[in-house]
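Please read the structure below before turning to the comments.
The values are calculated or read from the model by the stated rules, or taken from the named source; none is laboratory data. Computed from a predicted model, the values in this text were never measured in an experiment. Glycine also receives a Cβ, built like all others from the backbone with ideal geometry; neighbour counts cover every protein chain displayed. The accessibility values were calculated without ligands, DNA or RNA, using every heavy atom of the protein model including side chains. Shrake-Rupley method; radii C 1.70, N 1.55, O 1.52, S 1.80 Å.
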Amino acid sequence: MSLNDALHWRYAAKRLNGEQVPEETLERIMEAARLAPSSFGLHPWSLVHVRSQDLRARLHEDAAPQPQVIEGSDLLVFAVHDRDFKAQVDEHVAHMAHTRGVEESSLDGFRDMVKGVMDQKGSHEACLEWAARQAYIGMGVALSAAALEKVDASPMEGFYPDRLDKALGLREKGLKSVVIMALGYRDTERDPGAGRAKVRRDREDFIYTIE
Ligand SMILES: Cc1cc2nc3c(=O)[nH]c(=O)nc-3n(C[C@H](O)[C@H](O)[C@H](O)COP(=O)(O)O)c2cc1C
């Protein structure tokens, strides 16, 4: 199946049938999220995988009251690292030097440039906003990977981030949720959205070609 076929097949399922996504399939979807690009490669977000039905039931009750949360097989939380951003740059540079087998000092120019961009952003909140945009790229990649696997992915912004972070102990890990996604299989009988025509901007209203 081509990616475009998969994107036509997918929709944001509102009702899921409880069937489990196989472990290897789930791993491939999460690995796709890990491979998503980010600005400067800083990767200022992580994935929190919630599998337990009990925990999802508690989240559903208190923090994320949409049926996909409990009817899905797994819940993915895309969470930004809410920590000093310049320290994150230093960690990234050290990781990059180690991975590529180069001296850290050879990356000093890069380090200074990224920190300069952070100074331009002007505040921790602006950096968090920018980090959230990177997490959304990961969400899009994971959603597309799921579609290629014929797994339904329901992205959700309709939840209470503070409550969810508390329930999952994310603050203690320096994390802050920005968007969540249930994975599972559509329940076509109960889902009013199943089979509905996809609504997108028409091509001419979407692509502005400037010669
Ligand atoms: C970032 C994001 C957040 C969303 N939040 C919710 C949500 O909280 N609840 C929900 O039912 N659908 C949610 N959706 C699904 C959208 O409503 C859906 O993707 C959109 O209507 C397009 O339809 P389709 O994805 O089914 O093709 C969200 C989608 C995105 C991309």
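What the table shows:
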| item | result |
| --- | --- |
| Residue pairs meeting the criteria (Cβ under 8 Å; at least 6 apart or on separate chains; first within 13 Å of A79 (Cα to Cα) and open to solvent by 40 Å² or more (accessible area, probe 1.4 Å), in segment 147-173; second within 16 Å of the ligand (Cβ to nearest atom) and of a type in the set (S, T, N, Q)) | P161/S177 |
| Residues of segment 59-77 classified as open to solvent by 10 Å² or more (accessible area, probe 1.4 Å) and either out of contact with any His (no Cβ under 9 Å at 6 or more places or on another chain) or modelled with pLDDT under 95 (or both), total | 5 |
| Flag if Y185 is within 16 Å of the ligand (Cβ to nearest atom) and within 21 Å of D82 (Cβ to Cβ) | no |
| Pairs, first in contact (Cβ under 8 Å) with a residue 60 or more places away in the chain in segment 188-211, second open to solvent by 90 Å² or more (accessible area, probe 1.4 Å) and in a helix (DSSP H, G or I), C-beta under 9 Å, six or more apart | K198/H8 |
| Residue that is open to solvent by less than 10 Å² (accessible area, probe 1.4 Å), under 28 Å from E125 (Cβ atoms) and under 20 Å from the mean Cα position of the chain (by Cα), where the choices are V80, V89 | V80 |
| Any hit, segment 49-58, residues being open to solvent by less than 40 Å² (accessible area, probe 1.4 Å) and part of a strand (DSSP E or B) | yes |
| Selection count, segment 1-28, where residues are away from the ligand (no atom under 16 Å from the Cβ) and assigned to a loop (DSSP other than H, G, I, E, B) | 8 |
| Residue satisfying all of: in segment 92-105; of a type outside the set (A, V, I, L, M) and open to solvent by less than 70 Å² (accessible area, probe 1.4 Å); farthest from the chain's Cα centre (by Cα) among these | G101 |
| L143 vs. criteria touching a residue at least 40 places away in the same chain (Cβ under 8 Å), open to solvent by 10 Å² or more (accessible area, probe 1.4 Å) and not in a loop (DSSP other than H, G, I, E, B) | yes |
| Looking only at segment 104-144, and only at residues there that are basic (K, R) and more than 21 Å from L35 (Cα to Cα), the one that is nearest to the ligand (Cβ to nearest atom) | K121 |
| Meets criteria (of a type in the set (A, V, I, L, M, F, W, C), within 14 Å of the ligand (Cβ to nearest atom) and over 20 Å from L26 (Cα atoms)) for V199 | yes |
